[in-house]
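Read through the structure below, which is laid out as structure tokens, and then see the notes.
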Amino acid sequence: MSTPSVNTSAEIPAGFGEAAFEAFLTTRDEPDWVTQSRRQAFKRYSELLESELNPEEWRRVDLRALRSDRFQLNAGSEISQDSADSKHTETLLKGRAEFAGHVTHIDGQLASNDLAAELAAKGVIFGDLSVVVREHSELIQKHFMTKAVDSETDRFSAWHGAFWTGGTVLYVPRNVVIEAPLHSLITLQAEKAADFSHTLVILEEGASATLLEETASTTTDNLGLHMGAVELLLGKEARLRYVQLQNWNHNVWHIAHQAGRVGNNGFLQWTVGGIGAKLAHIHQDVVLDGRGAEAEVNGVTFATGKQIHSFYTQQVHNAQGTRSDLLYKQVLRDHSRAIWRGMIRVEPEGQQTNGYQRNDSLMLSPTCRVDAIPGLEIEADDVRCTHGATAGRVDEEQIFYCMSRGMSEYEAMHMIVEGFFQTVFDRIPVEVVRETLDQAIIKKLGFGR
């Protein structure tokens, strides 16, 4: 079956029904296999709309206010240079470090892209998925939604698989080491814009890289939707540091399936910073496939107002001698809510596994709420797996003590919150990320500033 003719000026109906899907396909210039995978995902999406979501993952997340017909895809539209260079886009990492390459998306469309010439000469690919899927079709076909994120998982992964618009691709060939970090920026600008960006990282055997990715809204009040996916694929002895800083405004729905797979003696360090969004729900899988594979997952979230931050994490051990270590720290204030459901799963082949997960929550007001549920599923008999969760209020005596020593309430609260997060910060080797998270926390504390 041939690819549909491309009409970049086609008007896509609101919502995500069959008419919108067919109109969307006419705006795409893609290989046949992509079109077929989209059609298969849309069929699955239509079927799953009538099915109940997995209650273990979703029973605590209220989706009644999420209406797909309120959002609009911006497929095929030109991004102006003024928009691409907008000084009104506040990002957490902008201007804080020297990067070896950048990729910027606005409302699901590529705005700018560059990569250091010496890396391109070594075969590194860093660019927009919509472009790379045409220029390196065979490479992408082998990895895209075949090993990590599955469009069959639920209605949201299928929705993404049908309508993904672009996103960032990083491919690092065998034994190539990238010293300087790379930067990916995903922004929402238009009112009721929908972003379906997809991040795909492929590290061949012995490769090494650091990718810092952030999301941001260009306005404080525009309604938006991010239905994303992240796939991190590490070959034998590959090393990846991946950081995702989520900083949407408080009117954006943020739902994503994210997965990393690690080969023999590979190492994945995955850091998540959750600051923004109206509701954020992340399905995060870390799968250790090779003997001696390791993963360290760090999470820092801060919710205020009526924000909801929800995480469903799984650490899967498929081979002998693997190690996973997950630490999430959450701060809540006002009427916000944090939800974390964690699971360590050890398959029968995962002998001599070392798995650890911990979630700690600090509540700054009596009206916020935390649900933290760790879990273990162990099929092997020679393992060491531990888990735990804590939640508690700020000690008023600590605040009083600090204020009696001349600090303001704002300074006292910042010191307490910073100390709470410090154990996570100590695990992050990228200095710019530590500094950026600290500054974001200071701004989030506010107290009328």
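The values are calculated or read from the model by the stated rules, or taken from the named source; none is laboratory data. Computed from a predicted model, the values in this text were never measured in an experiment. Backbone-built Cβ (ideal geometry, glycine too); neighbour counts: all protein chains shown. Keep in mind that these areas ignore ligands, DNA and RNA; they rest on the heavy atoms of the full protein, side chains included. Shrake-Rupley method; radii C 1.70, N 1.55, O 1.52, S 1.80 Å.
A straight chain from MET407 to THR367 at 0.36 nm per residue would run longer than the Cα-Cα distance by 11.9 nm. Leaving ligands, DNA and RNA out of it, report the carbon-plus-sulfur percent of the accessible area of the stretch 293-401 at a 1.4 Å probe. Exposed carbon and sulfur together represent 45 percent of the surface. Within the same chain, aspartates and glutamates fewer than 8 places from LYS278 are excluded, and of the rest, those with a Cα less than 19 Å from its Cα are GLU57, ASP62, ASP69, GLU90, ASP107, GLU191, ASP195, GLU214, ASP221, ASP334, ASP371.
For the residue pairs LYS142/LYS443; LYS147/LYS443; LYS142/LYS444; LYS43/LYS142, the alpha carbons lie more than 32 Å apart in LYS142/LYS443; LYS147/LYS443; LYS142/LYS444. A viscosity of 1.306 mPa s and a temperature of 10 °C, combined with the Kirkwood radius over Cα pairs in Stokes-Einstein, give a translational diffusion coefficient for the stretch 139-243 of 107 µm²/s. Using a probe radius of 1.4 angstrom, the carbon and sulfur fraction of the accessible surface of the stretch 136-246 is 42%. Paramagnetic label reach from THR423 (point 7 Å along Cα→Cβ; backbone nitrogen cut-off under 17 Å): within the stretch 361-379, residues 361-363, 372-375. When the alpha carbon gyration tensor of the stretch 296-429 is reduced to an equivalent ellipsoid, the three semi-axes, largest first, read 34, 16, 11 Å. Rounded to the nearest Hz, the phi-derived 3J(HN,Hα) couplings of the stretch 302-307 under the Karplus curve 6.51 cos²θ - 1.76 cosθ + 1.60 (θ = phi - 60°) are 9, 10, 9, x, 10, 4, where x marks glycine and proline.
The trypsin sites (Lys or Arg not before Pro) found in the stretch 223-317 that occupy coil by DSSP, while having at most 14 further C-beta atoms within 10 Å, are LYS306. For SER112, the residues 5 or more places off, or on other chains, whose built amide H falls under 5 Å of its own are THR104. Size of the stretch 283-368: Rg and Dmax of its alpha carbons, in Å, are 15.3, 46.
Computed over the Cα atoms of the stretch 214-300, the ratio of the radius of gyration to the Kirkwood radius (Rg/Rh) comes to 1.07. Computed over the alpha-carbon atoms, the chain gives an Rg to Rh ratio of 0.96, Rh here being the Kirkwood radius from the mean inverse distance.
Counting only the Cα atoms, the stretch 246-287 fills a convex hull of 50 Å³ per residue. The charge dipole of the chain, taken about its Cα centre with unit charges on the Cβ of Lys, Arg, Asp and Glu (plus for the first two, minus for the last two), comes to roughly 660 debye.
Computed on the Cα atoms alone, the convex hull of the stretch 338-404 gives a volume of 85 cubic angstrom per residue. Think of the stretch 343-382 as a dipole: +1 on every Lys or Arg Cβ, -1 on every Asp or Glu Cβ, centred on the Cα centre; then among ILE378, GLY355, SER365, SER365 lies furthest on the positive end. The residues of the chain have, on average, 41 Å² of accessible surface per residue, using a 1.4 Å probe with all protein chains present. Annotation for the stretch 136-209: GluC sites (Glu not before Pro) lying in DSSP loop with at most 11 further Cβ atoms inside 10 Å of their Cβ are GLU179.
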